[in-house]
Amino acid sequence: MINFKNIIGKKTGMFTVIMLTVILAASGCNGGGQAGKAPAETPEETGSEEAKETKAAAETGAAAETGAAAETVAGADAENRAETEDAAETEAAAETKNETEVSAETSKSAAAGGEENIDMDSPLIPLVDHENIYRFDGRSNLYYAKYDLITLGDRSSQYPEMEKTLKKRNEELDKNEKEKAGPMEQEAKEWRDQTGEEIPYYSCSRTYMKRADKDYFTFLTSSEDFTGGAHGMYGSGGYNYYTATGEEIPLSDVISDMDLLNKTLSEKLKEKYPDTGWFEDPLEVLSGYGKGNADYNWVLGNRDITFFFSPYELASYADGGQTVTITLDEVPGLFTGKIKANYGAYVEALDFYQDVMVYDKAMRPVELKVTAEYDYDSYGMPGDYPVKLITINYGENSVDDGAGPVSYAFEHDFYLIHTEDGRNLLYCDCFQEDDYHSICSYELLADGKINIISVTDGGLYDSSLWSDQEGPLYRPALFDQNAFELLGRADVLSTVSTTRYYEIGQSGDPKPCTNYYTILSNIDLKSTRPLRCRYLGEAAGLGVDAPEVSDKNSETAELPSGTTYHLWRTDAESYVDCIVKEDGKDKLYRLVREYDDNGPCMDGVPLEDCFEELFWAG
């Protein structure tokens, strides 16, 4: 049984959402996934004497400012698990009762960060907020900026030093971006007035979590800016921390022989980019790294380490940037053995055009890259254009996907998923108009082929973050393979936002853990006529954690005109479970929606004639 995420203490209308223990049907998902497990131990490789400690490099040339700004704070929010397995078995045995009982374990709020409500072995799930700045002057777009704020969420109390580091970066990044917006707007206006070109300046960075567990917390920032001239500048920055201390991981903790590293990188660069016109022999340039000239720019992954070289660092802008990935057990004598690989299941985020390594069951690395063709003629906010086509390049094979959500989404979040049984999947969370999401799933097969699996309505979400308040809108940066939420929409008695738990299915697509959706929208409907419904029992409050409610052995009731129904849960097809306050108590009733020749109705009466007001989205 899944141990559903605790969202105790949240406000939903006049009801306080609290933990519910229902003596009814149980879920089929397995809680506490493997993505956050400590990596399995493998034979360590030892190297030569530790080289001089080096720091991760920032972007060079004109991208340096963007790279520094993109030093965004990373954070993680782990799945907040309650230990409910034994209680659920007892509840299932009592299923013949027709009463909804409320657990007494509701006195503590998850928002308070109490570790009583947190399974410390559950995967560490970072939370990210995409911030935007837009500057217009009534004539044209002058400047826009995009950057990410990240937090550990309800795991902050478990890793206070890491959260402290991230909070400091958040504050510095937010302050820097807001302070430079004014001067950049003015420069852009002057550029426009001088040249007649209405091209906005911009400074954009996105953060992609590479590894988040109890040992290491690493992420990559992809940055791009334009401040006039012939072209913009781009680059990537890696940031690596020990989760327990929040301290940066020095390269010397990973690499034992810097000369061997330089030789390995030089050989791999020449092999991967044979047509590049190097400024100098890469080995000569790299030999000066860590000696006052430059530092390596790198990020630690689950099973490898990747080095990034920005345009103008080793070659011209026309040659682009370069990346080299080395697995943690690939080169004898190169690694210290202090940093452990994760040979279990994991999830990592990736961007368009990022080279990442995919490992099959035999640990053979295969390169993966996703590219995009944009529709620049379509309307959109600055920097947001729909994609006409994506191409998934996997080893020697590739597949185009120009149909469905990927072909008209404005934003795409990609996740590489390595399952416990060795399968490799690619999920794309597609952001479309009207905040509509879809998950497109693909399987990366052992023979190098790519299988397009399915499209699932909904986007990655964490219902404990649901709020009507203004402020950062955090959402998961990774997810637990065995229990993750998808935010969706349903048209039932009104148009509502919903959440539902899923797991990775045998076919590779998201498999629902429940037969129902929990309604997040705060909607109360007042009836204009008596309505027949099914009485499901009493409850002091109901939350997303509550197991499935059945109407087996329930009683038929008729509630009078003027009754207020608070929408709580639905199958998105035929019924809506509602909370009704009677005699000072919260009671649960099921309303059944039907269809006749005139459309949706209840007891043969059109829905609009059953309630004072319904709320539909266009």
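The values are calculated or read from the model by the stated rules, or taken from the named source; none is laboratory data. Worth saying up front: this structure is predicted, and the values here are computed from it rather than measured. We place every Cβ from the backbone using ideal geometry, glycine too, and count neighbours over all the protein chains shown. Side chains included, ligands, DNA and RNA excluded: accessible areas come from the protein's heavy atoms. Shrake-Rupley method; radii C 1.70, N 1.55, O 1.52, S 1.80 Å.
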Computed FRET efficiency, Cβ-Cβ of Lys511 and Asp421, R0 22 Å: what is it to the nearest 0.05? 0.90
The alpha-carbon center of segment 178-220 and that of segment 238-315 are separated, in whole Å, by 25 Å
Could you calculate the contour length gain from Asp259 to Lys168, that is, 0.36 nm times the residue separation minus the distance between their Cα atoms, to one decimal place in nm? 29.3 nm
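Grab the beta carbon distance between Ala403 and Phe136, set R0 = 45 Å, and tell me the FRET efficiency rounded to 0.05.
Values: r = 35 Å, r/R0 = 0.77.
About 0.85, to the nearest 0.05.
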Tell me, in nm to one decimal, what length is gained between Asn451 and Glu367 on full extension, where the rule is 0.36 nm per residue of separation less the Cα-Cα distance? 28.6 nm
Using only the heavy atoms of the protein chains and a 1.4 Å probe, how would Trp568, Trp616 rank by accessible area, largest first? Trp616, Trp568
What FRET efficiency do you get for Tyr317 and Leu283 if R0 is 22 Å and r is their Cβ-Cβ distance, rounded to the nearest 0.05? 0.50
State the percentage of accessible surface on segment 241-314 attributable to carbon and sulfur atoms; use a 1.4 Å probe and exclude ligands, DNA and RNA. 46 percent
Gain in span if fully extended, Glu582 to Asp375, counting 0.36 nm per residue against the direct Cα distance: 69.0 nm
Amide hydrogen neighbours beyond the local backbone of Leu328, cut-off 5 Å, H modeled: Asp304, Ile305
In sequence order, what are the phi-derived ³J(HN,Hα) couplings for segment 514-521 according to the Karplus relation 6.51 cos²θ - 1.76 cosθ + 1.60 with θ = phi - 60°, rounded to whole Hz, with x for glycine and proline? 9, 8, 10, 10, 8, 7, 8, 5
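What accessible area per residue, rounded to a whole number of Å², is obtained for segment 132-205 using a probe radius of 1.4 Å?
It amounts to 49 Å² per residue over segment 132-205.
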Lys369 accessible area, 1.4 Å probe, all protein chains in place, Å² to nearest 10: 70 Å²
For segment 276-394: rounded, prolate or oblate by the Cα gyration tensor [a/c cutoff 1.5]: oblate
Nonlocal amide H pairs with Glu247, under 5 Å, H built at 1.01 Å: Tyr242
If you plug each phi of segment 213-228 into the Karplus form 6.51 cos²θ - 1.76 cosθ + 1.60 with θ = phi - 60°, what whole-Hz ³J(HN,Hα) values come out, in order, with x for Gly and Pro? 8, 5, 9, 10, 10, 10, 8, 10, 10, 9, 10, 8, 9, 9, 10, x
Here segment 136-142 yields Karplus 3J(HN,Hα) values (6.51, -1.76, 1.60; θ = phi - 60°; whole Hz; Gly and Pro given as x) of 10, 10, x, 10, 7, 6, 9
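Among the listed pairs Lys167/Lys340; Lys210/Lys340; Lys388/Lys449, give every one whose C-alpha distance is greater than 20 Å. Present the calculation step by step, with values, prior to reporting the outcome.
Values: Lys167/Lys340 27 Å; Lys210/Lys340 14 Å; Lys388/Lys449 22 Å.
Among Lys167/Lys340; Lys210/Lys340; Lys388/Lys449, the Cα-Cα distance tops 20 Å for Lys167/Lys340; Lys388/Lys449.
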Please go through segment 132-211 and write out the GluC sites (Glu not before Pro) that DSSP classes as loop and that have at most 14 other C-beta atoms within 10 Å. Glu197, Glu198
Taking all protein chains as present, what is the carbon and sulfur share of the accessible area of segment 470-594, in % to the nearest whole number, probe 1.4 Å? 42 percent
